[in-house]
Amino acid sequence: MMRLALAALLLAQGDPVRIRYATDRSEKDKVFYEMKLGLKIEGPEQVVGYVRSLHPFLSMEKLLVRAEGTRQVQGGKKQKIDPDEARVEMRYDDENHEYDYTKGQAPEGDKDKLKQMMWFLAAGGKSFTLSAEGEYRSDDPNQDHNGEAMDLLALGVIRMPDKAVKELETYEAKFKGLRSEKGKKGIYAFVQKVRVERIEEKDGRRLATLSAELTGKVEGADKDPQAEEAWAKCDGKQKAVIELSTGRVVSSEGAGKVVVYHRGVSDQGQKQELTMTFAIEGKVTPR
């Protein structure tokens, strides 16, 4: 009986298929884009206050971006999520804020710096290169290694298998990040464990659904002479639905966290610990 069940399962899996992202065509699909970000900084009050003062972004506690627009494959590896309309809800410096944006209508004047910053983050969309195999690189020249890890999670970027695969098959991808903190050497070493959840016919298309678990740790970072221990790690789960004939991303999503830890001694000789946790969620779905 068990042999018959196994044989039936193998038949149901069908022939192996090659799964790749689109790189040789130009497409434009209407999509919903949602991104949630939470930032928690733990440590001595004085140290936390100093860290938050380093960049306006670090004074943000919660952020929710909802947008409608298009996901474009612009020939080759170039892709862009381009919002037509976007709404931002956030908690910043202990106050709640809400903003609405429309494509091509940038905030006028420079009095509201926060609104300007959110315009670039939300209404500006996300542009990046994505190879057929799943190598991702943001077009943002200022992105660091932690931003790269959050993008991989929120956009549900999954490395493609290096061979044809069947439904329910699993594989593992190990790869290095492409970003580091400005003036430093540390980059993420990622491990992604992937499962081919389904290969199915739907609405006249053949689709592959992949799920993944992503973990990573920064390696090769310069030694901080003031740190007894310092590291940055990430982990989370991702999902993507790929149209097999075109490599088009039908939908993608992910959720996880990036944690940055530092333990050292202050100028007064006191031991201090600081932990920053970035909780990230994202989803791109058809509309």
- Query: A164: within 18 Å of the chain's Cα centre (by Cα) and modelled with pLDDT of 95 or more, yes or no?
  - Reply: no
- Message: Looking at K237, K223 in this structure, which one is basic (K, R), at pLDDT 95 or above and surrounded by fewer than 16 Cβ atoms within 10 Å (Cβ to Cβ)?
- Response: K237
- Message: For region 111-142, which positions are touching a strand residue (DSSP E or B) at 6+ places or on another chain (Cβ under 8 Å) and either in a strand (DSSP E or B) or among the polar types (S, T, N, Q) (or both)?
- Response: K126, S127, F128, T129, L130, Y136, R137, S138
- Task: Scan (1) assigned to a helix (DSSP H, G or I); (2) in contact with a strand residue (DSSP E or B) (Cβ under 9 Å, 6 or more places away or on another chain); (3) more than 21 Å from Y21 (Cβ to Cβ); (4) not basic (K, R) for the single condition L153 breaks and write down its number.
- Result: (3)
- Query: Only one of (1) loosely packed, with under 15 Cβ neighbours inside 10 Å; (2) modelled with pLDDT of 95 or more; (3) within 19 Å of V259 (Cβ to Cβ) fails for H55. Which number is that?
  - Reply: (2)
- Query: Looking at region 153-185, which of its residues are over 27 Å from D224 (Cα atoms) and of a type in the set (A, V, I, L, M, F, W, C)?
  - Reply: L153, A154, L155, V157, I158, M160, A164, V165, L168, A173
- Of all the residues that make up region 38-56, how many are out of contact with any Gly (no Cβ under 9 Å at 6 or more places or on another chain) and touching a residue at least 60 places away in the same chain (Cβ under 8 Å)? 10
- Query: Which members of region 108-148 meet the condition of being hydroxyl-bearing (S, T, Y) and either without any contact (Cβ under 8 Å) to a residue 12 or more places away in the chain or buried (at least 20 other Cβ atoms within 10 Å of the Cβ) (or both)?
  - Reply: Y136
- Message: Could you check region 8-44 and list, in sequence order, the residues that are among the acidic types (D, E), part of a strand (DSSP E or B) and either over 24 Å from Y261 (Cα atoms) or modelled with pLDDT under 95 (or both)?
- Response: E27, D29, E34
- Item | Residues located in region 170-192, provided they are surrounded by fewer than 14 Cβ atoms within 10 Å (Cβ to Cβ) and within 16 Å of I158 (Cα to Cα) | T170, E172, K174, K176
- What about G75, is it in contact with a strand residue (DSSP E or B) (Cβ under 9 Å, 6 or more places away or on another chain) and closer than 30 Å to K163 by Cβ? yes
- Query: Which residues, counting only those in region 91-102, are surrounded by 15 or more Cβ atoms within 10 Å (Cβ to Cβ) and over 17 Å from K62 (Cα atoms)?
  - Reply: Y101
- Selection over region 261-278 where residues are touching a Lys or Arg at 6+ places or on another chain (Cβ under 9 Å) and buried (at least 18 other Cβ atoms within 10 Å of the Cβ) yields a count of 3
- Mind checking which residues of region 84-109 are assigned to a strand (DSSP E or B) and either more than 20 Å from H55 (Cα to Cα) or in contact with a Pro (Cβ under 6 Å, 6 or more places away or on another chain) (or both)? D84, E85, A86, R87, E98, Y99, D100, Y101, T102
- Message: Looking at the structure I just gave you, is A208 under 20 Å from E148 (Cβ atoms) and either more than 26 Å from the chain's Cα centre (by Cα) or surrounded by 18 or more Cβ atoms within 10 Å (Cβ to Cβ) (or both)?
- Response: no
- Query: With (1) of a type in the set (K, R); (2) under 16 Å from the mean Cα position of the chain (by Cα); (3) within 30 Å of D15 (Cβ to Cβ) as the list, and K126 as the residue in question, which single condition is left unmet?
  - Reply: (3)
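The values are calculated or read from the model by the stated rules, or taken from the named source; none is laboratory data. Here the structure is a predicted model, which means the values were calculated and not measured. Using ideal geometry, Cβ is built from the backbone for each residue, glycine included, and neighbour counts are taken over all protein chains shown.
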